[in-house]
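Trainee: Just dropping this structure here.
The values are calculated or read from the model by the stated rules, or taken from the named source; none is laboratory data. Every value quoted in this text rests on a predicted model; they were computed, and no experiment measured them. Positions of Cβ are generated from backbone atoms using ideal geometry, with glycine treated the same way; all protein chains shown enter the neighbour counts. Keep in mind that these areas ignore ligands, DNA and RNA; they rest on the heavy atoms of the full protein, side chains included. Shrake-Rupley method; radii C 1.70, N 1.55, O 1.52, S 1.80 Å.
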Amino acid sequence: MLDVTVSAGAPSAKDFKSDQEVRWCPGCGDYAVLAAVQSFLPSLNLDREKIVFVSGIGCSSRFPYYLNTYGMHSIHGRAPAIATGLAAARPDLSVWVVTGDGDALSIGGNHLIHALRRNVNLKILLFNNRIYGLTKGQYSPTSEPGKVTKSTPYGSLDAPFNPVSLALGAEATFVARTIDSDRKHLTSVLTAAAQHPGTALVEIYQNCNIFNDNAFEHLKAPGERDRHLLRLEPDAPLVYGEHKVVWDGERRGLGVTDLTDPRPAVTHDVAAEDPAYAFALARLQDPATLSPTPIGVFRSVRRPVYDDLMTDQLSAAGHGSKEPDLGALLAGSDTWTVGGGS
Amino acid sequence: MTVIEGASAKDVRRLNRVVIRIAGDSGDGMQLTGDRFTQDSAIHGNDVSTLPDFPAEIRAPAGTLPGVSAFQLHFADHDILTPGDAPDVLVAMNPAALKVNLPAVPRGGTVIVNTDEFTDRALKKVGYDKNPLEDGSLDGYRVHKVALTSQTVRALEGHPLSRKEAERAKNMYALGLLSWLYHRPVEQTLGFLEQKFAKNPAIVAANRAAFQAGFNFGETTEEFEVSYEVAPAALPAGRYRNISGNRALAYGLISGSQRSGLPLFLGSYPITPASDILHELARHKAFGVRTFQAEDEIAAVGAAIGASYGGALGVTTTSGPGVALKSEAIGLAVSLELPLVICDIQRGGPSTGLPTKTEQADLLQAMFGRNGESPVPIVAPRSPADCFDAAMEAVRIALTYRTPVFLLSDGYLANGSEPWRIPEVEELPDLREAARFAAVEDFPDDKVFLPYQRDPETLARPWAVPGTAGLEHRIGGLEKADVTGEISYDPENHDHMVRTRAAKVAGIAKSIAPLEADDPDGSARLLVLGWGSTYGPVQAACRLVRERGGAVAHAHLRHLNPFPPNLGELLARYDRVLIPEMNLGQLALLVRARYLVDAVGYNKVRGLPFTSTELASEIETRL
């Protein structure tokens, strides 16, 4: 949970901009996310020095350099591990991880799933552009099947990950998805993530205009997006365009049907204890066409937070309440004395 | 021959020293028995040195040669340096234990065997065609045949135990017998059993009864005509305890944390022979110790780096295969210039190698096993108890110089134990100044914080921890501009930063005491240079050589990187330099390259420590 401290004088987006020149390619979706985060951070009402951004390697991982908070640009895939150590050692901080689809799901997949299951107090922003950008255009673990890239001239053979269903399978307590260009939606999801005690995973669809341009265009174009975007609102019916989501007994899961179907639309339940519902919701998406694409908070449930539990164990052992006796520890119980006075 | 009144009606013989090896199946409790006997010997006031030797398999098939677990203890009335080259006494709990260990026992040695286990089937399993207890192959040894298993079972009649459970107490029966044989104190063992099995009073009662029965058996049987006394050793005055290397290392880390005022954070992934440090540290939460069992070796070191960034004393513990996985993150710590202690408890390699056997072959890995110019200081303990001081020294260097530090222990030190003079807390180094965080007041003339503005003396950079207002900054693994820490691809800057990082680590030498050679009469022409756990065998070998009239000097390195400032000068004082190592010449390579000295190696990688006799012979051929 965030340790809320009110700053003297209301901070603004400007206060969170560092003096570094931003060096993403012109037109990159990262700019939009950066601007949204800079405008959003003041709403946390936290002192700047209490906020830390940790990243791995990749285009998105340059993010910490552009924020005037504490930050670490670490090594490929390991940001969740480093941030776990930081959050566990310093529960007073607000720790954020910025990562990408290659960083989080390929080289760092192990750390991501373990951070999620432990429920460390981390907010993980996973920028998914479905391509390797910094290494100049190879397919990523979220690229669509058959993707033709420099490293797959005949098409990718890999089945992609769905980051949301992966996170749910890893016992995540908070999972959401949003889109770089939708500032309002992005901000609302970040706010929900920040308020969540424990690990929050936010997948952000982000356009790489150099190597995978328009990968999400159908989810953004005003005339088209409503046919594909399923907006998740707490306790609201799952309806989009001419479609709705219904309980499909035959599939023993969720199914999409058109609005004329007499069955009632399922009402969204972010707090459902059983992750099967959120998982079914995530699996509605076709990995090749990304339609439909649910966006918003899939799941938000309470579970004890790792760093709190660790602190509790220390307190129960007497840490903080009584002075530990180092001399007694070193001596142990079986001692003997040699000489004496000599 | 002296008779001690009241101890026993039998003769008592005084001995200066005894080497005893207890061997059985890996499920027989040999390590526990050995530990307990060591503890009793230490409490009795003997100097002790131990060598546990067990298989990597937790329960290898019973009664087989690979399943044999042994524990060797050397105890003496004077200060000793090694667990002993060869056992004077072997306790063999089964034919496999006898077959594996008998070759180590010199003719004339004592062998105590558990006759109950020498059945045709058990003999066949280990390839004995005939029973060695009957075919004359033990002629030349003093053999005591004891039906340990059945006598234990008989002693436990009336206890509410199955036969199998009763049999399991045979190690305590054996311990009772040994306690009688060597006049060990018994009260502590009885108390220990009470604690160890506190949850199960029936087991406590059975083990105590078995122990007592073994003791009484020694006293009454005609099998043993004499018992032995080894008087307390004249160690330097002080309060002592027996301690293993891994525990001493853990205590050194806790002390480093307490004396610096920084909370200890351990990120670790279980690996033999380092796991006991994790287990030990996990018990001490009252000291603010946070232990994190990570998903893998990389996460373990990563979390330690994250904690360090947050102002904790970040530590990771592992063995060679784990170091291989951590290499990239250690390089990050070099670049970030944050304190980090990496404990590598070396074992036989390469790859999975020999998990439970000792080796010193990770020196070059620690020295060079990263991409780029990535200097990391290295310190090594020389004995189990010395792991405490070495750990505190690693903490001192990490904090003072804001750098990752390697602490190179090994399996022999980790599991071996010896008496340790318990230090007073006030005599431990005060590390508060080294742990000082940066404050805004440190940068009065600058509008911005300069994360790579160095201390002119140590070249260490400021440690600005999150939560400090006004010092917000970003750091990373990309090359940084000097002083400002901003990303820089400038050629001159990179050259400067590479040299500065190297100079920082080289400069640690200024804080290291000059290396002194043990050269009693100053006439030696040969210097034996060692590092790490070979200290005991090398020193014992030098004593042997001197007793036989040879002159030899011995110097032992605590610091492997940087070397002590006077090492070159010290080497130049001798005509010849011999470097014994449990590897194929890694220190020798460094010394030859650095000082252009024609040092020669004595190298063995058998998974076992050197014996002092073999080293003495080697030294004598080079005098």
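Trainee: In sequence order, what are the phi-derived ³J(HN,Hα) couplings for segment B:302-318 according to the Karplus relation 6.51 cos²θ - 1.76 cosθ + 1.60 with θ = phi - 60°, rounded to whole Hz, with x for glycine and proline?
Mentor: Rounded to whole hertz, the list is x, 5, 5, 5, x, 5, 4, 4, x, x, 9, 7, x, 9, 10, 10, 6.
Trainee: Quick one: of the DSSP bridges fully inside the protein assembly as shown, what percent are antiparallel, nearest 5?
Mentor: 35 percent
Trainee: Can you give me the relative contact order of segment B:423-516 as a percent, contacts being Cα pairs under 8 Å and 6 or more apart?
Mentor: This gives 22 percent for segment B:423-516.
Trainee: Taking the Cα centre of the protein assembly as shown as origin and charging only Cβ (+1 Lys, Arg; -1 Asp, Glu), how large is the dipole, in debye to the nearest 20?
Mentor: The calculation lands at about 800 debye.
Trainee: Given axes a ≥ b ≥ c from the Cα gyration tensor, I'd like to know whether segment B:313-472 is rounded (a/c under 1.5), prolate (a/b larger than b/c) or oblate.
Mentor: oblate
Trainee: Next question. So for chain B, what percent of the C-alpha to C-alpha distances run longer than 49 Å?
Mentor: Within chain B, distances greater than 49 Å cover 18 percent of Cα pairs.
Trainee: B:Asn371 to A:Lys150: FRET efficiency via 1/(1 + (r/R0)^6), r the Cβ-Cβ distance, R0 35 Å, to the nearest 0.05?
Mentor: 0.90
Trainee: Quick check: the distance between the Cα centres of segment B:501-571 and segment B:581-595, to the nearest angstrom?
Mentor: That distance is 14 Å.
Trainee: Would you please give the residues with an amide H less than 5 Å from that of B:Thr403, counting only those at least 5 places away or on a separate chain, with H modeled from the backbone geometry?
Mentor: B:Leu340
Trainee: Turning to a different aspect of this structure: For peptide B:417-426, compute the average count of partner chain beta-carbon atoms within 10 Å of each residue's beta-carbon.
Mentor: Per residue, the number of nearby Cβ atoms from other chains is 3 on average.
Trainee: Between B:Ile487 and residues 5 or more places away or on another chain, which pairs have amide H atoms under 5 Å apart, with H built 1.01 Å from N, and which residues are they?
Mentor: HN-HN under 5 Å from B:Ile487: B:Ala481.
Trainee: At a temperature of 10 °C and a viscosity of 1.306 mPa s, determine how fast segment B:457-610 diffuses translationally according to Stokes-Einstein, using the Kirkwood radius over alpha-carbon pairs as Rh; express D in µm²/s, rounded to the nearest whole number.
Mentor: For the chosen part, D equals 85 µm²/s.
Trainee: Follow-up. Quick one: P(r) of segment A:117-180 from all Cα-Cα pairs, 10 Å bins, percents rounded to integers, in order of increasing distance.
Mentor: Going from the shortest bin to the longest, the percentages are 19, 41, 29, 10, 0.
Trainee: Hey, another quick one. Kindly provide log₁₀ I(q)/I(0) values, in the same order as q = 0.10 Å⁻¹, from the Debye equation applied to equal alpha-carbon scatterers of segment B:520-623.
Mentor: -0.24
Trainee: Over all alpha-carbon pairs in segment A:48-192, figure out the percentage whose distance exceeds 19 Å.
Mentor: 53 percent
Trainee: Right, something else. What does the convex hull of the alpha-carbon atoms of segment B:490-544 project to on average, in nm²?
Mentor: Working: hull surface 25.1 nm².
About 6.3 nm², averaged over all directions.
Trainee: So, one more: Each residue of segment B:508-513 in order: what ³J(HN,Hα) in whole Hz does its phi give by Karplus 6.51 cos²θ - 1.76 cosθ + 1.60, θ = phi - 60°, with x for Gly and Pro?
Mentor: 4, 3, 4, 9, 9, 5
Trainee: When the Karplus curve 6.51 cos²θ - 1.76 cosθ + 1.60 is applied with θ = phi - 60°, which whole-Hz ³J(HN,Hα) does each residue of segment A:125-131 get, with x for Gly and Pro?
Mentor: Values, residue by residue: 9, 9, 7, 10, 10, 6, 7 Hz.
Trainee: How far, in nm, would the chain grow between B:Glu516 and B:Leu15 when pulled straight, counting 0.36 nm per residue and subtracting the alpha carbon separation?
Mentor: Fully extending the segment from B:Glu516 to B:Leu15 adds 177.0 nm.
Trainee: Using a simple charge model, +1 on the beta-carbon of Lys and Arg, -1 on the beta-carbon of Asp and Glu, nothing else, what dipole does chain A show about its Cα centre, in debye to the nearest 20? Intermediate values should be presented prior to the final figure.
Mentor: Working: 31 positive and 37 negative charges, 110 e Å.
Once rounded to the nearest 20, the dipole reads 520 debye.
Trainee: For segment A:135-248, what does the equivalent ellipsoid look like in terms of its semi-axes, each the square root of 5 times an eigenvalue of the Cα gyration tensor, given largest first in whole Å? If you can, show how the numbers build up before the last one.
Mentor: Values: eigenvalues 139, 70, 50 Å².
Over the Cα atoms of segment A:135-248, the ellipsoid semi-axes are 26, 19, 16 Å.
Trainee: On to the next question. Given the alpha-carbon gyration tensor of the protein assembly as shown, what are the semi-axes of its equivalent ellipsoid in whole angstrom, ordered largest first, with each equal to the square root of 5 times an eigenvalue?
Mentor: Each semi-axis is the square root of five times an eigenvalue, giving 59, 35, 25 Å.
Trainee: Here's a follow-up. If you take every DSSP beta bridge whose two residues both sit in chain A, what share of them, in percent to the nearest 5, is antiparallel?
Mentor: Details: 16 of 47 bridges.
Given both bridge residues lie in chain A, the antiparallel proportion sits at roughly 35 percent.
Trainee: Filter the chymotrypsin sites (Phe, Trp or Tyr not before Pro) in segment A:136-241 down to the DSSP loop ones having no more than 12 other Cβ atoms within 10 Å, then list what survives.
Mentor: Hits after loop and neighbour filter: A:Tyr154.
Trainee: For segment B:534-576, state which trypsin sites (Lys or Arg not before Pro) are in a DSSP loop and have at most 10 other beta carbons lying within 10 Å of their beta carbon. Before the final figure, lay out each step's value.
Mentor: Details: sites: B:Arg543, B:Arg546, B:Arg548, B:Arg558, B:Arg573, B:Arg576; in loops: B:Arg548, B:Arg558, B:Arg573.
Passing both the DSSP loop test and the Cβ count: B:Arg548.
Trainee: Separate question: Mind telling me which of A:Gly327, A:Gly137, A:Gly155 comes out most flexible in a GNM of chain A, alpha-carbon contacts under 10 Å?
Mentor: Highest fluctuation of the listed residues: A:Gly327.
Trainee: Looking at the square roots a ≥ b ≥ c of the eigenvalues of the Cα gyration tensor of segment A:206-342, which shape do they give, rounded for a/c under 1.5, prolate if a/b is larger than b/c, or oblate?
Mentor: It comes out prolate by the Cα gyration axes.
Trainee: For A:Leu229, which sequence-distant residues (separation of 5 or more, or a different chain) have an amide H within less than 5 Å of its own amide H, given hydrogens modelled in the peptide plane?
Mentor: Here A:Thr293 satisfy the definition.
Trainee: OK, next. Tell me which of B:Ala540, B:Leu148, B:Gly109 sits at the most positive position along the dipole axis of chain B, charges placed on C-beta atoms (Lys, Arg +1; Asp, Glu -1).
Mentor: Value: B:Leu148.
Trainee: Further, regarding this structure: What FRET efficiency do you get for B:Asn566 and A:Ser333 if R0 is 30 Å and r is their Cβ-Cβ distance, rounded to the nearest 0.05?
Mentor: 0.10
Trainee: Separate question: If you build a Gaussian network model of chain A, linking Cα atoms that sit under 10 Å apart, which residue out of A:Asp261, A:Asp180, A:Asp213 swings the most?
Mentor: Comparing A:Asp261, A:Asp180, A:Asp213 in a Gaussian network model of chain A, the most mobile one is A:Asp261.
Trainee: So if I take the alpha carbon set of segment B:189-316, get Rg, then get Rh from the Kirkwood formula, what is the Rg over Rh ratio?
Mentor: On the way: Rg = 21.6 Å, Rh = 18.4 Å.
Result: Rg/Rh = 1.17.
Trainee: With the Cα gyration tensor of segment B:100-209 in hand, convert its eigenvalues to equivalent ellipsoid semi-axes via √(5λ) and list them largest first in whole Å.
Mentor: Equivalent ellipsoid semi-axes, largest first: 30, 18, 11 Å.
Trainee: Normalised by the number of residues in chain B, what is the relative contact order in percent for Cα pairs under 8 Å and 6+ residues apart?
Mentor: Numbers: 1370 pairs, mean separation 72.4, N = 623.
Result for chain B is 12 percent.
Trainee: Follow-up. What accessible area per residue comes out for segment B:108-197, rounded to a whole number of Å², with a 1.4 Å probe?
Mentor: Accessible surface, normalised per residue, equals 49 Å².
Trainee: Trypsin sites (Lys or Arg not before Pro) within segment A:246-342: which are DSSP loop residues with at most 14 other Cβ atoms inside 10 Å? Could you put the intermediate results ahead of the total?
Mentor: Values: sites: A:Arg251, A:Arg252, A:Arg283, A:Arg299, A:Arg302, A:Lys322; in loops: A:Arg251, A:Arg252, A:Arg283, A:Arg302, A:Lys322.
When the trypsin sites (Lys or Arg not before Pro) of segment A:246-342 are filtered for loop state and at most 14 Cβ neighbours within 10 Å, A:Arg251, A:Arg252, A:Arg302, A:Lys322 remain.
Trainee: Right, another one. Considering only protein heavy atoms and a 1.4 Å probe, what is the carbon-and-sulfur percentage of the accessible area of segment B:171-302?
Mentor: 50 percent
Trainee: A follow-up question, please. Computed FRET efficiency, Cβ-Cβ of A:Lys136 and B:Arg59, R0 56 Å: what is it to the nearest 0.05?
Mentor: Working from the Cβ atoms, E equals 0.60.
Trainee: Moving on to the next point. Classify segment A:1-131: rounded, prolate or oblate, from the alpha-carbon gyration tensor (a ≥ b ≥ c, eigenvalue square roots; a/c under 1.5 rounded; otherwise prolate if a/b is larger than b/c)?
Mentor: oblate
Trainee: I would also like to ask the following. Using helices alone, what [θ] at 222 nm do you get for chain B, with -39,500 (n - 2.57) per DSSP H run of 4 or more residues, divided over all residues and rounded to the nearest 500?
Mentor: For chain B, the value works out to -10500 deg cm²/dmol.
Trainee: Shifting gears a bit: State the antiparallel share, in %, of DSSP beta bridges confined to chain B, rounding to the nearest 5. Can you show the working numbers first?
Mentor: Values: 28 of 80 bridges.
Percent antiparallel among DSSP bridges in chain B is about 35.
Trainee: Given the options B:Gln39, B:Gly331, A:Gly102, identify the residue whose Cα lies farthest towards the positive end of the charge dipole of the protein assembly as shown (+1 on Cβ of Lys, Arg; -1 on Cβ of Asp, Glu).
Mentor: About the Cα centre, the residue reaching furthest to the positive side is A:Gly102.
Trainee: Can you divide the C-alpha Rg of segment B:331-421 by 2.2 N^0.38 Å and report the result to two decimal places?
Mentor: 1.12
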